[in-house]
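Got a structure here, written out as structure tokens. Questions coming.
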């Protein structure tokens, strides 16, 4: 079903679709109704007794009614017990499924890591045996890119063109799963190719010290790319472009609609609260420039790669500058909402410990490997046929509420790039979340959407890259 949500995490070990969560809640409501009916019958039975009926000279039919009430009480008692048992059984089944799913995933992940290590060990032999010209081709490409920086970008453009005829394959849950696995195990493959012993790889990997992982792979890509003029960071300049007023957000869809989609990349809302510090909501936009060569736009591929490498990207520095201008300090309550690269930046800021973060919502963002503190209420929204969140690797933390949907289940995939990542698709998912009854989502809505009172002031910001030889006053870090 294209509109079926799967909700997990957030301290709940259960994994279930929204339909199953609705059945659990219906059972709970049925139990409450049976208990209430039993209370009403008990109240009536208190006044209708055999002695009272005899004193009132009531007809025999009244005595039968009193007996029927006793039968009703017994029946309602059984219904309450059975409904409770059924609710607990369904809950236990969900917990068991979640535990089995988590255990199976751990086994699969270990097997994938082992395969990656061994592929890495034999990879040099495979390349030398089957592709003896590989080294020359790679060396030639690097030399050409060094001589002309545009050559590297043209190579990337050519690779993108080769994929254009098979776009539908890029919008499939299996493709996303394969990408997530490849990204997570890339370091194991490289370490295996370098001859690092398996126990050392295991100790340094994601399930060990965490030295090997997406961050180190991305950092390697940053280093290699910088050598040929790609993915080079620059100073950032952020300026406020508009000030307005707005109402308090009322749900997931409303929050998503406030994420910038135009020239401005950052929106900050400041709400005054009587007798307490002002509260802030920060909304961060998506990637606007996909070039591997940094231009004027800081929300670009360079920032994507630097953020994945756990380095201070241009887009993250831009948001920090905007927050400082809006009055956000380490003590003021703040919530982050981001889409795509904006979600990556939002998660990194929430995990940094530099702010008093009280909420985090990400849509279609590669945030699986970011260690957001358990004290931060967090919701990650991902489409299972979207490659962008899959590029974040396997999710390690179970504290974040994970909301999943296959955007194009039972629907024809449009002839466009990454349609499952489109804003309209995530907006629709957010609308489904507003109508969802799953306890993890309901708890977050209750915590975030309470009436706080006070006016809301909106600040919009535009950030740009500047050259190192430009304005020396700009804050590069």
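Since every read-out is calculated from the coordinates, none of them should be taken as a lab result. Just so it is clear, the structure is predicted and the values come from calculations on it, not from any experiment. Reconstructed Cβ throughout: ideal geometry from the backbone, glycine too, with neighbour counts over all protein chains shown.
If we count other beta carbons within 10 Å of each Cβ, what is the order of 431, 297, fewest first?
Values: 431 16, 297 21.
Lowest to highest Cβ neighbour count: 431, 297.
Contour minus end-to-end for residue 290 and residue 263, with contour as 0.36 nm per residue of separation and end-to-end as the Cα-Cα distance?
Details: separation 27, 0.36 × 27 = 9.72 nm, distance 1.54 nm.
Gain in length upon complete extension: 8.2 nm.
What's the FRET efficiency of residue 416 with residue 273 using the Cβ-Cβ distance as r and R₀ = 45 Å, to the nearest 0.05? Don't jump to the answer; show the numbers that get you there.
Values: r = 43 Å, r/R0 = 0.97.
Result of the calculation: an efficiency of 0.55.
Now, a different point. Taking R0 as 22 Å, what FRET efficiency do you get between residue 70 and residue 437 from their Cβ-Cβ distance, rounded to the nearest 0.05?
Working: r = 36 Å, r/R0 = 1.65.
FRET efficiency, residue 70 to residue 437: 0.05.
For 177, 306, 448, what ranking results if the residue with the fewest other Cβ atoms within 10 Å of its Cβ goes first? Don't jump to the answer; show the numbers that get you there.
Working: 177 14, 306 24, 448 19.
Exposure proxy ranking, most exposed first: 177, 448, 306.
When the chain is fully extended, how far beyond the present Cα-Cα distance does residue 374 get from residue 36, taking 0.36 nm per residue of separation?
Numbers: separation 338, 0.36 × 338 = 121.68 nm, distance 3.75 nm.
Using 0.36 nm per residue and subtracting the Cα-Cα distance, I get 117.9 nm.
When the chain is fully extended, how far beyond the present Cα-Cα distance does residue 250 get from residue 329, taking 0.36 nm per residue of separation?
Details: separation 79, 0.36 × 79 = 28.44 nm, distance 2.50 nm.
Taking residue 250 through residue 329 to full extension adds about 25.9 nm, to one decimal.
Give me the base-10 log of I(q)/I(0) for segment 236-465 at each q in 0.15 Å⁻¹, Debye formula, one uniform scatterer per Cα, rounded to two decimals.
Each listed q maps to, in turn, -0.98.
While we're on this one: Sort 290, 363, 256 so that the residue with the fewest other Cβ atoms within 10 Å of its own Cβ comes first and the one with the most comes last.
Numbers: 290 12, 363 32, 256 24.
So the residues, fewest neighbours to most, are 290, 256, 363.
Looking only at segment 236-465, where both bridge partners belong to it, what percent of the DSSP beta bridges are antiparallel (to the nearest 5)? Can you show the working numbers first?
Working: 23 of 45 bridges.
Bridges in segment 236-465 are about 50 percent antiparallel.
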